[in-house]
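In what follows, a single structure is set out as structure tokens and then discussed.
The values are calculated or read from the model by the stated rules, or taken from the named source; none is laboratory data. Note that this is a predicted model, so its numbers are computed, not measured. Every residue, glycine as well, gets a Cβ built from its backbone with ideal geometry; the counts of neighbours run over all protein chains shown.
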């Protein structure tokens, strides 16, 4: 009986782990949206100030608060939306299956990329020099 409880505990921990990353993603998205809205409000105000005689600048507190409220409400609405939440959970579960290369594998693959790039550069340089010599020969005639 304890093995079933342990398995259920492991399953709930795995689901909580994925759900935690989904929540972090939505919080990060809300912060990104806050930054974007905050800059958009000030940018729009500056643009309008160029075309109209607006004597005062917008209040930093009110515009920042408005951007924060819009970002938080948008994040909560998207998190609670079934399709968006399901999609985010599927993405997180697929990303949890990714196996990342070790440091040694990454170093070896980097060396391969550098060597192949140098070989390709030499081959293209030889072809370019040959083509240049051929066209110089043709045009000098």
Item to check | Any pair with Cβ under 7 angstrom, 6 or more apart, that starts in the stretch 72-91 at a residue that is without any contact (Cβ under 8 Å) to a residue 12 or more places away in the chain and ends at one that is surrounded by 13 or more Cβ atoms within 10 Å (Cβ to Cβ) | outcome: 84/78
Item to check | Criterion: more than 24 Å from the chain's Cα centre (by Cα), modelled with pLDDT of 90 or more and assigned to a helix (DSSP H, G or I) - qualifying residue of 117, 85, 63 | outcome: 117
Item to check | Residue under evaluation residue 41, criteria (1) at pLDDT below 90; (2) surrounded by fewer than 15 Cβ atoms within 10 Å (Cβ to Cβ), criterion not met | outcome: (2)
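Based on what the data block shows, is residue 94 assigned by TED's automatic domain parsing to the domain that holds residue 21 and part of a helix (DSSP H, G or I)? First the steps, then the outcome.
Working: assigned by TED's automatic domain parsing to the domain that holds residue 21: yes; part of a helix (DSSP H, G or I): yes.
So residue 94 passes the test.
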